[in-house]
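The values are calculated or read from the model by the stated rules, or taken from the named source; none is laboratory data. Nothing here was measured: the structure is a model prediction, and the numbers come from that model. Every residue, glycine among them, receives a Cβ derived from its backbone with ideal geometry; neighbour counts consider all protein chains shown.
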Amino acid sequence: MDDAEIREQLKELEAELARLRASAADIRREIGERWDAPTDAAEIAMVITNAEQQESLIETLEARRERLLQKLGSS
């Protein structure tokens, strides 16, 4: 993989991270807004699980970004 490919992957990762962070923040905000939040325990649990899954994906993508930055730095 050459530097141009790595930079392109980094660009795509950054865009995906921004989208996921915004989505996770929206979900967390929804949980905190009682007037618009889910009303039963099962729905609240589902929403929290969705936020946690997105946050886990963010961590995975951040780790990938770090590996790509290391590759770019060592080339």
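Worth a mention:
- Per the listing 16, 59, the residue uniquely surrounded by 12 or more Cβ atoms within 10 Å (Cβ to Cβ), among the acidic types (Asp, Glu) and within 17 Å of the chain's Cα centre (by Cα) is 16.
- Selection count where residues are assigned to a loop (DSSP other than H, G, I, E, B) and closer than 29 Å to residue 73 by Cα, scope segment 1-33: 2
- Flag if residue 72 is modelled with pLDDT of 95 or more and not charged (D, E, K, R): no
- Residue list for segment 53-69, filter: hydrophobic (A, V, I, L, M, F, W, C) and touching a residue at least 24 places away in the same chain (Cβ under 8 Å): 57, 58, 61, 68, 69
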